[in-house]
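Participant: Once you've had a glance at the structure underneath, I'll fire off some questions.
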Amino acid sequence: MTIPRGDYRDPASREHFVYRIYDGAGRLLYVGCSMRPEKRWAEHRADRKSWTSRARRFRMSGPYNYDTARRLEREALRDEYPLHAMTPQKLSAKSRRNRWINRQVAAALKPGHSMADFLAAHQIAKRRASRIDWLAIAEEAIRAKA
(Lines give C-alpha, C1' and ligand atoms only; values in the text may rest on other atoms or scores of the structure.)
Protein backbone atom coordinates (compact mmCIF):
# COMPACT_ATOMS: atom_id res chain seq x y z
CA MET A 1 0.00 0.00 0.00
CA THR A 2 1.33 3.42 -0.93
CA ILE A 3 0.71 6.12 1.65
CA PRO A 4 0.37 9.61 0.16
CA ARG A 5 2.96 12.12 1.34
CA GLY A 6 1.69 14.00 4.36
CA ASP A 7 -0.90 11.33 5.24
CA TYR A 8 -1.64 11.55 8.98
CA ARG A 9 -1.86 7.73 9.20
CA ASP A 10 1.66 7.22 7.85
CA PRO A 11 3.40 4.99 10.46
CA ALA A 12 6.60 7.00 10.07
CA SER A 13 4.82 10.28 10.83
CA ARG A 14 5.05 11.13 14.53
CA GLU A 15 2.70 14.10 14.79
CA HIS A 16 0.01 12.93 17.22
CA PHE A 17 -0.28 13.69 20.91
CA VAL A 18 -2.37 12.13 23.66
CA TYR A 19 -3.51 14.65 26.23
CA ARG A 20 -5.23 14.52 29.59
CA ILE A 21 -7.12 17.34 31.27
CA TYR A 22 -7.55 17.44 35.06
CA ASP A 23 -9.58 19.61 37.41
CA GLY A 24 -8.21 21.38 40.50
CA ALA A 25 -8.76 18.31 42.68
CA GLY A 26 -6.74 16.13 40.30
CA ARG A 27 -9.74 14.32 38.81
CA LEU A 28 -9.33 13.30 35.18
CA LEU A 29 -11.85 15.24 33.11
CA TYR A 30 -10.92 14.25 29.58
CA VAL A 31 -8.53 12.19 27.46
CA GLY A 32 -8.00 13.03 23.81
CA CYS A 33 -5.76 12.56 20.81
CA SER A 34 -4.86 15.30 18.36
CA MET A 35 -2.20 16.54 15.97
CA ARG A 36 -2.83 20.06 17.28
CA PRO A 37 -3.74 19.85 20.98
CA GLU A 38 -3.84 23.64 21.42
CA LYS A 39 -6.40 24.00 18.64
CA ARG A 40 -8.40 21.04 19.97
CA TRP A 41 -8.45 22.62 23.45
CA ALA A 42 -9.84 25.83 21.95
CA GLU A 43 -12.60 23.76 20.32
CA HIS A 44 -13.39 22.06 23.64
CA ARG A 45 -13.58 25.45 25.38
CA ALA A 46 -16.02 26.71 22.76
CA ASP A 47 -18.21 23.58 22.70
CA ARG A 48 -18.03 22.18 26.23
CA LYS A 49 -18.05 25.06 28.67
CA SER A 50 -19.74 22.95 31.35
CA TRP A 51 -16.52 21.11 32.17
CA THR A 52 -13.71 23.08 30.51
CA SER A 53 -14.11 25.89 33.03
CA ARG A 54 -12.96 23.43 35.74
CA ALA A 55 -9.75 22.45 33.90
CA ARG A 56 -6.59 23.31 35.81
CA ARG A 57 -3.87 20.92 34.66
CA PHE A 58 -2.93 19.45 31.29
CA ARG A 59 -0.65 16.53 30.62
CA MET A 60 0.49 15.72 27.12
CA SER A 61 2.53 12.82 25.77
CA GLY A 62 3.95 12.24 22.32
CA PRO A 63 4.58 12.75 19.56
CA TYR A 64 3.42 9.34 18.34
CA ASN A 65 2.35 7.93 15.02
CA TYR A 66 -1.43 7.83 14.52
CA ASP A 67 -1.97 4.17 15.42
CA THR A 68 0.08 4.38 18.62
CA ALA A 69 -1.64 7.59 19.72
CA ARG A 70 -5.12 6.16 19.12
CA ARG A 71 -4.22 2.94 20.96
CA LEU A 72 -2.92 4.92 23.95
CA GLU A 73 -6.04 7.09 23.93
CA ARG A 74 -8.36 4.02 23.84
CA GLU A 75 -6.41 2.39 26.69
CA ALA A 76 -6.64 5.56 28.78
CA LEU A 77 -10.38 5.87 28.10
CA ARG A 78 -10.89 2.24 29.11
CA ASP A 79 -8.64 2.22 32.18
CA GLU A 80 -8.70 5.76 33.61
CA TYR A 81 -12.44 6.65 33.47
CA PRO A 82 -12.37 10.33 32.49
CA LEU A 83 -15.49 12.18 33.61
CA HIS A 84 -16.24 13.79 30.23
CA ALA A 85 -15.32 11.41 27.45
CA MET A 86 -17.08 8.54 25.72
CA THR A 87 -15.42 5.59 27.42
CA PRO A 88 -16.21 2.02 26.34
CA GLN A 89 -18.30 1.72 29.50
CA LYS A 90 -20.31 4.85 28.71
CA LEU A 91 -20.77 3.77 25.10
CA SER A 92 -22.01 0.36 26.23
CA ALA A 93 -24.34 1.98 28.76
CA LYS A 94 -25.73 4.37 26.13
CA SER A 95 -26.26 1.51 23.72
CA ARG A 96 -28.08 -0.60 26.34
CA ARG A 97 -30.23 2.36 27.32
CA ASN A 98 -31.21 3.08 23.72
CA ARG A 99 -32.05 -0.58 23.03
CA TRP A 100 -34.19 -0.68 26.20
CA ILE A 101 -36.04 2.51 25.19
CA ASN A 102 -36.67 1.11 21.71
CA ARG A 103 -38.08 -2.13 23.16
CA GLN A 104 -40.33 -0.17 25.51
CA VAL A 105 -41.65 1.99 22.66
CA ALA A 106 -42.21 -1.03 20.40
CA ALA A 107 -44.14 -2.81 23.17
CA ALA A 108 -46.30 0.26 23.81
CA LEU A 109 -47.27 0.86 20.20
CA LYS A 110 -49.56 -1.15 17.97
CA PRO A 111 -49.85 -0.92 14.19
CA GLY A 112 -51.70 2.19 13.10
CA HIS A 113 -50.44 4.48 15.87
CA SER A 114 -49.54 8.02 14.91
CA MET A 115 -46.22 9.82 15.20
CA ALA A 116 -47.64 11.67 18.21
CA ASP A 117 -48.29 8.30 19.89
CA PHE A 118 -44.73 7.23 19.12
CA LEU A 119 -43.27 10.43 20.56
CA ALA A 120 -45.38 10.14 23.72
CA ALA A 121 -44.30 6.52 24.24
CA HIS A 122 -40.68 7.48 23.61
CA GLN A 123 -40.81 10.26 26.25
CA ILE A 124 -42.32 7.88 28.81
CA ALA A 125 -39.60 5.27 28.10
CA LYS A 126 -36.85 7.91 28.39
CA ARG A 127 -38.19 9.02 31.80
CA ARG A 128 -38.22 5.40 32.99
CA ALA A 129 -34.71 4.82 31.60
CA SER A 130 -33.36 7.81 33.52
CA ARG A 131 -34.03 5.94 36.76
CA ILE A 132 -31.76 3.01 35.79
CA ASP A 133 -28.00 3.08 36.43
CA TRP A 134 -26.92 2.07 32.93
CA LEU A 135 -23.25 2.81 33.56
CA ALA A 136 -23.13 0.39 36.49
CA ILE A 137 -24.78 -2.30 34.35
CA ALA A 138 -22.29 -1.72 31.52
CA GLU A 139 -19.26 -1.76 33.83
CA GLU A 140 -20.47 -5.01 35.40
CA ALA A 141 -20.90 -6.59 31.96
CA ILE A 142 -17.41 -5.50 30.90
CA ARG A 143 -15.89 -6.88 34.14
CA ALA A 144 -17.72 -10.19 33.58
CA LYS A 145 -16.14 -10.48 30.10
CA ALA A 146 -12.62 -9.91 31.47
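The values are calculated or read from the model by the stated rules, or taken from the named source; none is laboratory data. What you see is a predicted model; the values in this text were computed from it and never measured. These area figures cover heavy atoms from the full protein model, side chains too; ligands, DNA and RNA do not enter into them. Shrake-Rupley method; radii C 1.70, N 1.55, O 1.52, S 1.80 Å.
Participant: Give the cross-link partners of Lys39 among the aspartates and glutamates, using a straight C-alpha distance below 17 Å as the criterion and excluding same-chain residues fewer than 8 apart.
Facilitator: In chain and number order, the partners are Glu15, Asp47.
Participant: Could you look at segment 1-114 and say what percent of its accessible area is carbon and sulfur, using a 1.4 Å probe and all protein chains?
Facilitator: Answer for segment 1-114: carbon and sulfur cover 50 percent of the accessible area.
Participant: Under 20 Å from the Cα of Lys49, which aspartates and glutamates turn up, not counting those fewer than eight places away in the same chain?
Facilitator: Partners found: Asp23, Glu38.
Participant: Using just the helices of the chain, give the 222 nm mean residue ellipticity in deg cm²/dmol: DSSP H runs with n ≥ 4 each add -39,500 (n - 2.57), and the total is spread over all residues, rounded to 500.
Facilitator: The per-residue figure over the chain is -17000 deg cm²/dmol.
Participant: Using only the alpha-carbon atoms of the chain as identical scatterers, what base-10 log of I(q)/I(0) does the Debye formula give at q = 0.16, 0.18 Å⁻¹?
Facilitator: Debye output, listed in q order: -0.95, -1.05.
Participant: So which residue, out of Asp133, Asp67, Asp23, gets the largest mean-square fluctuation from a GNM of the chain using Cα contacts under 10 Å as springs?
Facilitator: Highest fluctuation of the listed residues: Asp133.
Participant: Per residue, how large is the accessible surface of the chain? Use a 1.4 angstrom probe and give square angstrom.
Facilitator: 68
Participant: How high is the relative contact order of the chain? Use alpha-carbon pairs under 8 Å, at least six apart in sequence, and give a whole percent.
Facilitator: With pairs under 8 Å counted, the relative contact order is 23 percent.
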